[in-house]
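In what follows, a single structure is set out as structure tokens and then discussed.
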Amino acid sequence: MIKEKIDAFTQNICEYNNFTSDQTEEIKYSVKIITLEVIKLFIVISLFSVFGYFKEISILIFVMSLTKPFTGGYHENTQSRCLVATIILSLIIITLYKNNDLNLISIILLNFINIFSVYHQAPIINTDMPLTRADLINKNKWLAIINCFIFFIISIILHEYKIYSNIITWTLFINSCLMFNSKHKN
């Protein structure tokens with residue numbers, strides 16, 4: 001129902017602006033994905049906020065948003081399954097944060113594992129939307145490494161503020177684990 005309304009809205013705008021059918025399809029796809037992602041984020045943030053985890057889920061989503069698009073890996077094939085998977089993974093990360101008080105050495109070691117994994121695995125190519133150009137694959141690999149390294153440094157700097165350092169570290173760790181579920185890699 002939401003998808004049909006988004007398509008109709010986008011179709012009207014594209015017709016009004018005399019876009020080609022190819023442009024219309026690209027715009028429809030982009031608007032649909034962005035809208036569904038915003039709805040998913042709203043649901044996830046609202047759900048965790050109700051239980052008092054607004055700060056945790058905000059950090060988690062921020063870190064995942066700046067790393068996962070470049071590392072690739074685990075994807076669901078429907079929006080509803082993606083929503084459920086996002087909730088479960090977020091719950092796992094927050095549970096790890098609440099039950100494991102990482103010290104500086106643990107943060108460093110886990111983040112070395114994260115960067116090692118990203119360096120050797122990323123990007124995992126999604127078979128539904130494959131990257132085929134070598135320059136884009138290489139660009140995503142280096143963006144993944146750089147972003148993970150930046151978060152690694154942030155987690156070290158903020159190690160006295162456990163909520164930030166632990167959520168960042170566990171999010172990166174789970175994200176790196178999700179790269180190993182795929183049968184195909186670059």
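Some points to look at:
- From phi via Karplus (6.51, -1.76, 1.60), per-residue ³J(HN,Hα) for region 31-41 in Hz, x at Gly/Pro: 5, 4, 5, 4, 4, 5, 5, 5, 4, 4, 4
- Between the C-alpha center of region 133-152 and that of region 13-85 there is a gap of 21 Å.
- Read-out P(r) over Cα pairs in 5 Å bins from 0, in percent, derived from the coordinates shown; its label in (1) 1, 9, 17, 18, 16, 12, 10, 7, 5, 3, 2, 1, 1, 0, 0; (2) 1, 8, 14, 17, 17, 16, 12, 7, 4, 2, 1, 0; (3) 1, 7, 12, 15, 15, 11, 8, 7, 6, 5, 4, 3, 2, 1, 1, 0, 0: (2)
- Kirkwood Rh, angstrom, region 28-74 [1 / mean 1/r, Cα pairs]: 11.7
- At a probe radius of 1.4 angstrom, the accessible area of region 54-181 per residue rounds to 52 square angstrom.
- The amide H of ILE124, built 1.01 Å from its N in the peptide plane, has GLY72, GLY73 as neighbours under 5 Å, considering only residues 5 or more places off or on other chains.
- Mean ellipticity per residue at 222 nm, deg cm²/dmol - from DSSP H runs of n ≥ 4 across the chain, formula -39500 (n - 2.57): -26500 deg cm²/dmol
- Semi-axes of the equivalent ellipsoid for region 1-51, Cα gyration tensor, largest first, Å: 29, 9, 7
- Helix 134-157 and the longest principal axis of the C-alpha atoms of the chain enclose an angle of approximately 40°.
- The peptide list 103-113, 165-175, put in order of mean Cβ contacts within 10 Å with the highest first, becomes 165-175, 103-113.
The values are calculated or read from the model by the stated rules, or taken from the named source; none is laboratory data. Everything numeric here is computed off the predicted structure, so don't read it as measured data. A quick note on method: Cβ atoms are made from the backbone with ideal geometry, for glycine too, and the neighbour counts reach across all protein chains shown. Only protein heavy atoms, including side chains, enter the accessible area calculation; ligands, DNA and RNA are left aside. Shrake-Rupley method; radii C 1.70, N 1.55, O 1.52, S 1.80 Å.
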